[in-house]
Amino acid sequence: MARESGLTVSALRFYDGAGVLVPAHVDPWTSYRWYSDEQVAVARLVARLRRVGLPLAEISRVLEHRDDLAVVDAVLESHLRRLEDGLADARRELSAARSLLAPESAMTPDSTTPDSTTPHSTTSIRTTTTALLDALRAVRFAVGTDPGLPMLTGVLVDADDDAVRLVATDRYRLVVRHLPGAVLDGGPVSAIVPVGLVDEALATFTSDGPLTVRVDGDDVVLEAGDGSLRGRRVDADFPAYRSLVREPGSTQVELDVARFRDDLAAAPTRSVPTGPDGAEETATVLTLGPVEVGVNREFLLQALEAEGAGQLVLDLDGPLAPLAIHDPRRPGDVSLVMPIRLPA
């Protein structure tokens with residue numbers, strides 16, 4: 001039967017246990033499975049449907065209604081639309097991935113983001129110590145550590161007439177935070193603050209009050225009532241992150257953070273190969289509406305921690321798109337977590 005249908009012996013056992021393709025007879029003493037000639041065509045149909053990733057429940061529906069072409073066509077058309085949407089997702093996310101793997105100078109530049117290595121006149125951003133430290137704490141966990149990707153080893157200060165944003169990414173997570181009430185003195189600026197200066201600010205500034213972030217040529221200066229800190233900006237171009245901060249996706253789930261943490265802890269896991277050398281990583285498998293997505297549990301917990309307590313929204317646009325977590329009370333702020341591709 002395996003040879004005639006293209007299904008493996010283990011697959012035949014699985015479909016028997018799932019009630020999808022039950023043998024015509026099972027020997028009560030040896031448990032050997034016997035199939036009829038008529039079941040060969042059914043097994044071949046199952047094999048083809050599985051090769052295109054049709055879910056098990058929908059395969060059962062096709063087999064149950066295989067004499068009703070209207071029902072079968074509806075199931076197959078729905079799956080074909082999912083596949084086409086997934087291909088569109090894959091193209092979009094691969095394009096976005098390229099923006100995280102290469103500096104902006106090697107890609108089509110984001111016309112709304114100044115080149116962070118272009119010399120600027122002095123630009124100052126007036127805010128408060130509390131606002132800056134809260135934003136730095138929210139993005140700090142996503143700063144990259146790979147010395148081969150220096151553009152990811154700091155926090156981007158991206159300021160224009162519309163807003164002042166802090167951004168960090170290590171290619172697997174990306175966090176955007178706005179500085180509420182910040183005032184920009186001077187032209188737009190995009191500068192990467194080295195992580196050492198970020199950590200020094202978090203350890204040094206303790207009292208609230210006015211604070212100024214000044215980008216002065218190659219230096220970034222932080223001035224507050226607790227003193228002044230200076231560091232040299234990272235000499236690199238930050239990735240074009242704005243292409244990843246998308247409109248709401250097709251699936252949105254309101255999260256109670258405490259309950260979702262419990263759900264995340266209880267969610268099943270799956271070992272996923274990461275390369276040809278046999279290395280694997282563990283993916284936590286979440287079912288969100290009609291979408292099954294693999295995630296790094298620790299990364300997702302860090303994103304939840306960054307967003308804070310209360311009611312959050314998890315936004316997803318297919319199994320290959322980043323998970324976007326945001327607080328509806330803070331428009332524009334978002335934490336993205338890249339998914340782990342689950343094998344079919």
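We did not get these values from a lab; they are worked out from the coordinates using the rules stated. It should be emphasised that the depicted structure is a prediction, and the values quoted were computed from it without experimental measurement. Heads up, the Cβs are rebuilt from the backbone with ideal geometry, glycines too, and the neighbour counts pull from every protein chain shown.
With one equal scatterer per alpha carbon and no solvent term, the Debye-computed log10 I(q)/I(0) for region 117-215 at 0.16, 0.17, 0.23 1/Å reads -0.65, -0.73, -1.29.
When each of the peptides 14-24, 165-175 is scored by how many other beta carbons lie within 10 Å of its residues on average, the order from highest to lowest is 165-175, 14-24. Its residue count N sets the reference 2.2 N^0.38 Å, and the alpha-carbon radius of gyration of region 1-41 equals 1.07 times that reference. Per-residue extension of 0.36 nm, minus the Cα-Cα distance of L342 and D199, leaves a gain of 47.9 nm for this segment. Couplings 3J(HN,Hα) for region 298-305, derived from phi with the Karplus relation 6.51 cos²θ - 1.76 cosθ + 1.60 (θ = phi - 60°), are 5, 4, 5, 5, 5, 5, 4, 4 Hz, where x marks Gly and Pro.
Applying 0.36 nm per residue to the separation of Q311 and T30 and subtracting their alpha-carbon distance, the gain on full extension is 95.6 nm. Amide H to amide H distances under 5 Å link L288 with V293, where only residues 5 or more positions off or on other chains count and H is placed in the peptide plane.
Electrostatic tally near L301: other residues with Cβ closer than 13 Å to its Cβ, Lys and Arg +1, Asp and Glu -1, net -2. The string of couplings for region 253-268 from the Karplus curve (6.51, -1.76, 1.60, θ = phi - 60°) is 10, 7, 10, 8, 4, 4, 5, 5, 4, 5, 4, 5, 5, 8, 5, x Hz, one whole number per residue in order, with x for Gly and Pro.
The distance linking region 138-161 with region 1-73 is 51 Å (Cα centroid to Cα centroid, whole angstrom). Here the 3J(HN,Hα) profile of region 215-229, calculated from phi with Karplus coefficients 6.51, -1.76 and 1.60 at θ = phi - 60°, is 9, 10, x, 8, 10, 10, 10, 10, 10, 8, x, 7, x, 10, 10 Hz, Gly and Pro shown as x.
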